[in-house]
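Chemist: Just dropping this structure here.
The values are calculated or read from the model by the stated rules, or taken from the named source; none is laboratory data. None of the values given here were measured: they were computed from a predicted structure. Cβ placement follows ideal geometry from the backbone for every residue including glycine, while neighbour counts extend to all protein chains displayed.
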């Protein structure tokens, strides 16, 4: 059986379009049963989402999405049921967010030298209250007329191999998994087949045959097997990996809101048993 479950959603706390309150209202209106708030490198949207869901039939799972780094590629790890008040977690997230700001400033400076000045103030305006990221710089480039789309900004200038790219502080995937499990959460590998950024599409697929066992040893609990853009073969591959390594096959839409994504929350099929499996794993993790 399937349920109206979405385990991968973003709000204005990072790079989503909807506030936590508006996202909860939308998901409740669509009849979802459970959602996970998984903003990038921040848990700031969780308290508001939990409060907004009070008195409704919608369950909100405190979550996170953390970017990790491997040579020539980027890996994203989702965390579910995290203790978002955990001090060690918050210290690391703060360091990650501060590195995002520093990286964005340096990218803006590089772009100016290249003859494509964008206002730093406008980048901040686009980010709003959320954690600053490359999508905000890409949007500023687009608004200034230097590119035909934010995706082109990644492809030509701010992607990993682009002339305005700047590295930032990141954890390794294994350290990211441990960060989540140390915060009493379940860690799942996000969209292993779909690249996390437009520029990552040029870097080739992840070597899952070596990456997944490494992360399982670090405490990985799940892998995103249901995701927009997956082909039937992709889904079968992810389900096969989940079965081989005893992982929970999670899923979600990676919803950000238009114009970033057009798909609506809950539109990716996620089996009802997934939540039961996650709660059982959580009991095992926490004893």
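Chemist: Give segment 240-263 a look and list any residue that's on the phi < 0 side of the Ramachandran plot and modelled with pLDDT under 95, or say none.
Modeler: 256, 258, 259, 260, 261, 262, 263
Chemist: Moving to a separate point now. Between a residue in segment 137-154 that is within 15 Å of residue 165 (Cβ to Cβ) and not assigned by TED's automatic domain parsing to the domain that holds residue 14 and any residue that is modelled with pLDDT of 95 or more and part of a loop (DSSP other than H, G, I, E, B), which pairs come within a Cβ distance under 8 Å, given they are 6 or more apart or on different chains?
Modeler: Hits for this filter: 137/118; 138/147; 141/116; 141/118; 141/147; 153/146; 153/147.
Chemist: Can you find a residue that is modelled with pLDDT under 95, in a helix (DSSP H, G or I) and within 28 Å of residue 213 (Cβ to Cβ) anywhere in segment 96-113?
Modeler: Checked against the condition, which is being modelled with pLDDT under 95, in a helix (DSSP H, G or I) and within 28 Å of residue 213 (Cβ to Cβ), segment 96-113 yields at least one hit.
Chemist: I've got another one for you. Run down 243, 219, 162, 251 and say which single residue is touching a strand residue (DSSP E or B) at 6+ places or on another chain (Cβ under 9 Å) and farther than 19 Å from residue 273 by Cβ. First the steps, then the outcome.
Modeler: Details: 243 fails: farther than 19 Å from residue 273 by Cβ; 162 fails: touching a strand residue (DSSP E or B) at 6+ places or on another chain (Cβ under 9 Å); 251 fails: farther than 19 Å from residue 273 by Cβ.
The match here is 219.
Chemist: Answer yes or no as to whether residue 206 is under 24 Å from residue 180 (Cα atoms) and modelled with pLDDT under 95. It would help to see each step written out before you state the result.
Modeler: Numbers: under 24 Å from residue 180 (Cα atoms): yes; modelled with pLDDT under 95: yes.
Yes: the conditions hold for residue 206.
Chemist: What number of residues in segment 12-31 are at pLDDT 95 or above and surrounded by 23 or more Cβ atoms within 10 Å (Cβ to Cβ)?
Modeler: Result for segment 12-31: 4.
Chemist: Hey, another quick one. If a residue must be surrounded by fewer than 20 Cβ atoms within 10 Å (Cβ to Cβ) and in a helix (DSSP H, G or I), how many such residues does segment 132-152 contain?
Modeler: Qualifying residue count for the region: 4.
Chemist: Continuing with the same structure: Which count do you get for residues in segment 97-131 that are out of contact with any helix residue (DSSP H, G or I) (no Cβ under 6 Å at 6 or more places or on another chain) and either buried (at least 20 other Cβ atoms within 10 Å of the Cβ) or closer than 15 Å to residue 167 by Cα (or both)?
Modeler: Looking only at segment 97-131, we keep the residues that are out of contact with any helix residue (DSSP H, G or I) (no Cβ under 6 Å at 6 or more places or on another chain), and these are 97-103, 105-106, 109-117, 119, 121, 124-125, 128-130.
Narrowing the set further to residues that are either buried (at least 20 other Cβ atoms within 10 Å of the Cβ) or closer than 15 Å to residue 167 by Cα (or both) leaves 97-103, 105-106, 109-111, 130.
Qualifying residue count, segment 97-131: 13.
Chemist: Can you say whether residue 277 is within 23 Å of residue 93 (Cβ to Cβ) and surrounded by fewer than 20 Cβ atoms within 10 Å (Cβ to Cβ), as far as the supplied structure shows? Spell out the reasoning first.
Modeler: Working: within 23 Å of residue 93 (Cβ to Cβ): no; surrounded by fewer than 20 Cβ atoms within 10 Å (Cβ to Cβ): yes.
When the stated conditions are applied, residue 277 does not pass them.
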